[in-house]
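Here is the structure we will look at, set down as structure tokens.
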Amino acid sequence: MSGPVQVTRGDGPVVLGMPHTGTGLPPDILAALNPRGRTLSDTDWHIDRLYDRLLPGVTVVRATFHRYAIDANRPPDGASLYPGQNTTGLVPLTDFDGDPIWSRQPARDDIEARRVAFHAPYHAALTAEIDRVRALHGVAILYDCHSIRSRIPFLFDGTLPDFNIGTAEGSSCDDRITRAVHDICAGAEGHTTVLNGRFKGGWTTRHYGRPETGVHAIQMELAQSTHLATEAPPFAYDPARADRLRPVLGRILATLAEIAPTLRGPA
């Protein structure tokens, strides 16, 4: 596989994080997965394509490795993001349906090796780009891009809204960002939205979102029914659905870029 992270540098104030679009796995990790794990079903399928060229000057930081190797949106110490609720950990032992994915589970040393090889380089790159963008603009807006199947009983009841906005209960970004993104989503005809519902923002949003320092973070978890032909293998991209969704996402990103100059950075 290629290096663990791909960076596309832009000169604008918005950074897109993509921790779960990668499907790369070293041969030894791939061999340790069972047949169910090898389907890589919990990938954020086609998110990089969905957001491609929506905002001129945007910076993109994308993990190329799969979340089954290690999850770049989990704390490096493995602490649960959602205590008391079903979830997956730093190195998932099950898929989102609660079914085992390994024929040979990773040992503690394996997990540490993966943290060093994958998790740390991704966040080093993301930190560097956020710092670079903040130095250019006095502020940086991290928009963390995600998607998930719309129905997963192991994780949540019923059907997930199309747009799931996470701001760590309002702590990770300025209220103007929250209101703008929520208003655009709520006004998108034929779509549903929720703010800080089942998904309130993963470790990326919670770790980097420090408005008092000039860094604002917001997570967007899209239901995959908004842009996939089917939420099962082969998880094909649906151009018609995506073409209805992309203008909404484009408005969100353009609005964030417009808001950025009005946000107060560090004193």
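All of the numbers you see were taken from the coordinates with simple rules; none came from a lab. The structure displayed is predicted, hence computed values, not measured ones. We place every Cβ from the backbone using ideal geometry, glycine too, and count neighbours over all the protein chains shown.
Once each of the GluC sites (Glu not before Pro) sitting in a DSSP loop with at most 12 other beta-carbon atoms within 10 Å is removed, the chain keeps 1-168 as its longest stretch. Pick from Pro161, Pro233, Pro100 the residue whose mean-square fluctuation is largest in a GNM of the chain, springs joining Cα atoms under 10 Å. Among Pro161, Pro233, Pro100, the largest mean-square fluctuation in the Gaussian network model of the chain belongs to Pro233. Remark: the chain carries a charge dipole of roughly 240 debye about the Cα centre, counting +1 on each Lys and Arg Cβ and -1 on each Asp and Glu Cβ.
The Cβ shell under 12 Å around Gly201 holds other residues with a net charge of 0, Lys and Arg each +1, Asp and Glu each -1. Under a Gaussian network description of the chain, with springs only between Cα atoms under 10 Å, the residue in Ala31, Ala229, Ala107 that fluctuates furthest is Ala107.
For the chain, the longest principal axis of the alpha carbon atoms and the long axis of helix 120-137 meet at an angle near 0°. Of the trypsin sites (Lys or Arg not before Pro) found in the range 136-186, no site is in coil according to DSSP while having at most 11 other Cβ atoms within 10 Å of its Cβ.
Put in line by how crowded their Cβ is, counting other Cβ atoms within 10 Å and starting with the fewest, Tyr143, Tyr82, Tyr51 read Tyr82, Tyr51, Tyr143.
Amide H to amide H distances under 5 Å link Cys173 with Ala217, where only residues 5 or more positions off or on other chains count and H is placed in the peptide plane.
A helix-only calculation puts the chain at -8500 deg cm²/dmol for mean residue ellipticity at 222 nm, using -39500 (n - 2.57) for each DSSP H run of at least four residues, averaged over all residues. Going from the residue with the fewest nearby Cβ atoms within 10 Å to the one with the most, Leu142, Leu249 rank Leu249, Leu142.
Each of Asp95, Asp52 was scored by other Cβ atoms within 10 Å of its Cβ. Listed from fewest to most, they are Asp52, Asp95.
Working note: Debye formula, equal point scatterers on the alpha-carbon atoms of the range 36-91, no solvent; log10 I(q)/I(0) at q = 0.15, 0.24, 0.31 Å⁻¹ is -0.60, -1.05, -1.27. With Cα atoms as the point set, the range 5-262 shows a radius of gyration and Dmax of 17.3, 52 Å.
Farthest towards the positive end of the charge dipole of the range 5-262, among the residues Thr205, Ala107, Ala124, is the Cα of Ala124, using unit charges on the Cβ of Lys, Arg, Asp and Glu.
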